[in-house]
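Written below as C-alpha cells is the structure these notes are about.
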C-alpha cells in the first residue's frame, strides 16, 4: 500500500491536520468540512507536537503486518490544542507510563510494507523526560 | 412514510462454529434454504446479503448473485450490504425498506461471514478494515486495542471495577450453555475472566467475542403474505440506523455511543415504544466494554451504570430485562456480517415462543442493537409480537 | 584546501537513542564472560534507522540555526535504509524542503565530516545559503565478532552558512587525506561488514589520522598547542588517546569529546557527535581540531574557531549530549537481537 502511504506522508511526517478559518477549530485527522461550525473554509494546519496521555494499552496480539513489533503500546493523546490523536508510545516500559504523562512526537519507522518492501515512516510519541 | 407493516415469515441459521468443510457460499445457501423451506409458500423476489469481508476471507464478492444461483432463485435481484459488523442488521434494514415501499413482496436477508479460513493475525487485519486505513490501521491499532483504551477511560471515569465489567461475558456464557447454535457452551465465572490471557490490557481473552463462521437468514414480507404463514406473526416494528464520528478518539465524548442513541430514538419513535416496554434485548457485546456502553446509550442503564447493572443481574434471564438470551456475541458467537441477523432471528424465536430451553416468559417486544466499528454505525431493530 | 574565511556553523543537533546494550551481554553470549573495550553501546530501537535518527538531529539543528531554507541536505551513512533511494529526501520532506540538493554519501565513519566539507564548498561559492550535513548510522556488528562490542547508533547534524553574528563556530581550515586501503568493508550482497583486525590500526586509522592532521598543521601553520580541544574518531576508547598523544595533544584537550567508552562507535556520527559534546564546553575564541577517520580509507581534519554566537545557545534549552547519556534503557542480548532483526527482515 505504498502509494496510499505516500499520499499522506505530510500528514504522517508533520502531523498535518485541518483548521477552520471560520471558527478556528483544529482537527486531526484532516477533514473536508468543519465538523463544529459546518464551514467549508478548512485548510491544512500542523498540529502541536506535545500532549498528555489520556489512555494507553499494551497490545499483545497485533494484526499480521505488525506481528514482529509485538508487544506494542498504543495510546490516545490529547495534544496541546485539545485535539486527541491515536499513536504508538515508544521507548518506555508500561510500568513507567501513566495517564496524564506529558509526551512529545518523534519520527520513527512505522512498518515495512508487505507488498513493496518500502519503509513507511511516521509519528510516534515518547515520554518527555525532564 | 408508508403504513405497510413488515413481518418476519421465517428464519434459518447454522451453528456458529469452525466450519472447515463449508465455504462462504455453502453457509449462505444452508441458512437461506432453511428460511425458505420454513415458509414454502413465499418465493423471495429480492435477496440481500449482509457481509463484511468476503473478499479478504474468501476472494469472493458478488455474494448476492452467488446466493441467487445457489438458492435456485436465478433472476431475483440480489446485492450485498456492508457496514462492518453492522452489515447484518443493515441488510435487514434495507430489506425492510424494500418491502415497506412495495418494491419487493418478500426479501430474503442472509448475513454470512467466513472467518476461519484466515489465521488469527490476518483475521485481526481483516476486522481492522472497519477502522481508518490511513490513521488507525496504519499504526497497527486494531479493535481490541481501541476497545481496551476505551475500557480504561470508562473504568476510571465511573469507578467501575474489573469484576463488574466481567459480568457481561459471564452472562453471555450462562445463556449460551443451552443454546444449540452457540459457538461456546461453557460456563465461566468472573474469576475465569480475570485469569484469561491479556490481549490488550485491561481486556482479556474472555472479554472479546470469538471468531467463527456462521450464516443466518430472515424472510421478510408484508401483511398480505404473512397470514399464509403464521397466525401469530412477529412484526418488524422499526429498523433505524445512524452513524457516529468515524474513529472513537475523534469524538468529544468517547464514552457516548451517539449512533446507538440516535438510532434508538428514531426506532423507538417509529415503533411507538419506550425503554420500559422492552421485554428482551440483544446488544452488541463484541467486547465487554461495548456491552456496557451500548445498554447505557439505549437508555437501559444510566451513564456509567451499565456494568454495575449487569453485575447485579439486571440483564440475566431472571432479571429485569433478559438479554443475550442465546449467548450474545460473546457466547453464541460473532461471525461479523451475520451477527445482526442472528440477533433478529433469536428475538423472533423468543417472540414466537420457539426459544426452547432459552425461552423467556412471554415476551412481546424485543430490541436488537448491532454496531459497526465502535458505534461508528449502529442499527436498532424493534420486533413486536402481533396479537 | 583553500577555505574562504567566512564559512561557519550556524546550528547543530545530536541524537543518541535511549537504548544501551552492556558489552557484558555480548561477552556473556559469545565468550561466556567478559566485556568490550567500552562499557555499553547505544542501540537504535526497533523502529529507528538512519533516516529517523537523521531527522531527529536535523530538526534540532534547524531549530538552533533558525533557518527556513536549506539549499543542500547531505546524509553520510553506511546503513542507508535503501541501497537505492535517497535518505536525504526523507529528511527534506520532514523539514518541508524541496528546492534542495540532496545526496547520500558513503565513506564509512567519515561520511559525516566529508558532508560538511562539501557543503562548505556550496556555501563558499555562493551556490547555496544554508546547507545541512548529517552523519547517521545504525551500525551493526557481525554477531560474535569483535566489532559487535562497539558498533553503535547515533546521528549528528550541522548547518553551515556564511558567517553572521549568530554563527557558533567558524571552520577556518580543512583538509582531506585518502588512500586505497581496505581495512573494513562491506560488499553490496553482504549483511554485515568485514575487517582485517589489527590491520585496522597502524596502516589504517593511525596512518590516515596522523597524516591528515600533519597536513592541516602544515597547510594552516598551526600545532597541537594552538587548540583548546581536539576531537578524534573513536572506534574504541584507546585509539583516540594514543593518536592524540602522538600528535602532541594532551588528555585534557580530548577529554570532553570522549564518548566511545559509554556509547560505542556510531560510525558516521562519531566525530560529529564528539564535536557537539566539545562545543557544549567551549567559550568564544576557543579552537577545536577535529579529525575523522573513515575506513577505505581517509581522514578529514578541520580547524574550528568558536565564535561569540556560542553564547546564544548556552543560555537556551537545547538538549545537551550530557542529558542524552543519562536515563538510558538497558537491554539484554535477546532484546538487542529482536531490535536488530526488525531492521533487516520484513514482517513475516
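Numbers for the structure displayed
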{"quantity": "The range C:232-348 - Rg over Rh from alpha carbon coordinates, Kirkwood radius", "calculated": "1.04"}
{"quantity": "Residue exposure sequence - C:137, B:362, C:49 - by fewest surrounding Cβ within 10 Å", "calculated": "B:362, C:49, C:137"}
{"quantity": "Share of Cα-Cα pairs in chain B lying beyond 32 Å, as whole percent", "calculated": "25"}
{"quantity": "Structure-based [θ]222 nm, chain A - -39500 (n - 2.57) summed over DSSP H runs of at least 4, per residue, nearest 500", "calculated": "-2000 deg cm²/dmol"}
{"quantity": "P(r) of the range B:87-174 over all Cα-Cα pairs, binned every 5 Å from zero, in whole percent", "calculated": "3, 11, 12, 11, 14, 17, 14, 10, 6, 2, 0"}
{"quantity": "Relative contact order of chain B, defined on C-alpha pairs under 8 angstrom at six or more residues apart (%)", "calculated": "26"}
{"quantity": "Per-selection Kirkwood Rh - chain C (Cα, Å, 1 d.p.)", "calculated": "19.8"}
{"quantity": "Per principal axis, descending, Cα span of the range B:203-261 in whole Å", "calculated": "50, 29, 17"}
{"quantity": "Relative intensity, log₁₀ I(q)/I(0), of the range C:1-157 from a Debye sum that treats every alpha carbon as a point, q = 0.10, 0.12, 0.14, 0.18 Å⁻¹", "calculated": "-0.40, -0.54, -0.70, -1.00"}
{"quantity": "Kirkwood Rh (inverse of mean 1/r, distinct Cα pairs), the range C:7-82, angstrom", "calculated": "15.0"}
{"quantity": "Shielding score for A:81-90, defined as the mean number of other chain Cβ atoms within 10 Å", "calculated": "4"}
{"quantity": "Size-normalised alpha-carbon gyration radius of the range C:169-310, reference 2.2 N^0.38 Å", "calculated": "1.03"}
{"quantity": "Length-normalised contact order of chain A in % [C-alpha pairs under 8 Å, at least 6 apart]", "calculated": "22"}
{"quantity": "Rounded if a/c under 1.5, otherwise prolate or oblate - the range A:9-68, Cα gyration tensor axes", "calculated": "prolate"}
{"quantity": "Dimensionless Rg/Rh of the range A:2-127 - Kirkwood Rh, Rg from C-alpha atoms", "calculated": "1.00"}
{"quantity": "Once the Cα gyration tensor of the range B:48-101 is diagonalised, semi-axes √(5λ) in Å", "calculated": "18, 17, 6"}
{"quantity": "Calculated over the range B:261-328: convex hull of Cα atoms, volume per residue (Å³)", "calculated": "84"}
{"quantity": "Whole-Å semi-axes of the range B:228-342's equivalent ellipsoid (Cα gyration tensor)", "calculated": "23, 18, 16"}
{"quantity": "Shielding by partners - mean other protein chain Cβ count within 10 Å, residues of C:84-94", "calculated": "2"}
{"quantity": "Over 55 Å [Cα-Cα, the protein assembly as shown], rounded percent", "calculated": "27"}
{"quantity": "Ordering of C:75-85, A:19-29 by burial proxy (mean other Cβ atoms within 10 Å per residue, highest first)", "calculated": "C:75-85, A:19-29"}
{"quantity": "Ellipsoid semi-axes in whole angstrom, largest first, where each is sqrt(5λ) of the Cα gyration tensor of the range B:17-155", "calculated": "32, 18, 13"}
{"quantity": "Volume per residue that the Cα convex hull of the range B:156-310 spans, once the total is divided by residue count, Å³", "calculated": "156"}
{"quantity": "Of all DSSP beta bridges in chain C, antiparallel share, percent nearest 5", "calculated": "70"}
{"quantity": "MRE, 222 nm, helices only [DSSP H, n ≥ 4, -39500 (n - 2.57), over chain B, to nearest 500]", "calculated": "-11000 deg cm²/dmol"}
{"quantity": "The range C:169-310: relative contact order in percent, alpha carbon pairs under 8 Å with at least 6 residues between", "calculated": "38"}
{"quantity": "Rounded to 5, percent antiparallel among DSSP beta bridges of chain B", "calculated": "75"}
{"quantity": "Packing rank of B:129-140, C:322-333, B:201-212, B:44-55, where each peptide gets the mean count of other beta carbons within 10 Å, highest leading", "calculated": "B:44-55, B:201-212, B:129-140, C:322-333"}
{"quantity": "Principal axis box of the range B:348-387, alpha-carbon based, largest edge first, Å", "calculated": "34, 23, 11"}
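None of the figures in this text is laboratory data; all of them are computed from the coordinates on show. All values reported here derive from a predicted model rather than from experimental measurement. Reconstructed Cβ throughout: ideal geometry from the backbone, glycine too, with neighbour counts over all protein chains shown.
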